[in-house]
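What follows is a single structure, written as structure tokens, with notes after it.
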């Protein structure tokens with residue numbers, strides 16, 4: 001079983017609901033959602049192109065999936081994450097936009113966010129004590145030969161290549177898309193997600209996500225509100 005610390009909007013956020021409809025699975029309940037009928041894209045094409053992000057659920061990774069180190073435990077992780085989240089200040093992300101990320105599509109901020117980068121780096125460092133060392137198989141899966149020198153260093157120091165200066169916030173919407181389908185998929189995504197991408201995104205919680213079994217889908221285990229309780233009540 002693995003855990004990850006992530007950002008995902010609240011259960012009732014319109015973006016959460018639209019993403020669940022697109023991916024075919026609700027990241028909170030784990031329930032399967034009927035695939036949408038989209039003009040210009042067949043229902044089986046949607047299911048095929050969303051298979052990879054459907055397993056991981058709608059989220060952006062802040063601390064990559066990890067197995068718990070001995071002698072840590074889930075209750076200790078929950079306690080410390082709840083405590084630490086209370087020390088963080090909520091903030092807003094710039095509006096998200098559809099982006100090509102190599103041969104996949106995802107949502108990224110329309111411009112950089114210093115607060116976001118700080119949050120990701122802080123969580124990676126603060127909770128590294130809960131992370132078991134990577135196995136040789138896990139290192140091989142990260143394609144170490146294809147990493148830059150900073151990414152390779154990150155992989156061995158923090159268990160993930162894409163942290164610190166290499167961190168990029170992204171909420172994946174597809175798996176690999178072939179060149180012939182790129183333009184069509186991009187237009188479909190703009191049409192489907194456009195209505196919920198106009199406003200800034202509130203970052204008021206961090207989510208602990210949990211893998212169901214070994215290699216199973218991820219779902220939200222718990223949301224941890226940022227900021228002191230008194231401040232949240234006033235807000």
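The values are calculated or read from the model by the stated rules, or taken from the named source; none is laboratory data. None of the values given here were measured: they were computed from a predicted structure. As a convention, Cβ positions derive from the backbone with ideal geometry for all residues, glycine included, and neighbour counts pool all protein chains shown.
In a residue-by-residue description of the range 49-59, the property of being without any contact (Cβ under 8 Å) to a residue 60 or more places away in the chain and surrounded by fewer than 19 Cβ atoms within 10 Å (Cβ to Cβ) applies to no position.
Taking the criterion of being assigned to a helix (DSSP H, G or I), surrounded by 15 or more Cβ atoms within 10 Å (Cβ to Cβ) and either touching a helix residue (DSSP H, G or I) at 6+ places or on another chain (Cβ under 9 Å) or in contact (Cβ under 8 Å) with a residue 24 or more places away in the chain (or both), the only residue of the range 129-138 that qualifies is 130. The residues of the range 182-222 that are surrounded by 16 or more Cβ atoms within 10 Å (Cβ to Cβ), closer than 20 Å to residue 95 by Cβ and within 19 Å of the chain's Cα centre (by Cα), listed by number, are 189, 193, 196, 197, 201, 203, 204, 205.
Look at (1) modelled with pLDDT of 95 or more; (2) not in a helix (DSSP H, G or I) and you find that residue 29 fails only one, number (1).
Looking only at the range 1-27, residues that are closer than 20 Å to residue 51 by Cα and more than 13 Å from the chain's Cα centre (by Cα) come to 11 in all. All conditions but one from (1) farther than 24 Å from residue 78 by Cβ; (2) surrounded by 18 or more Cβ atoms within 10 Å (Cβ to Cβ); (3) within 17 Å of the chain's Cα centre (by Cα) apply to residue 117; the one that does not is (2).
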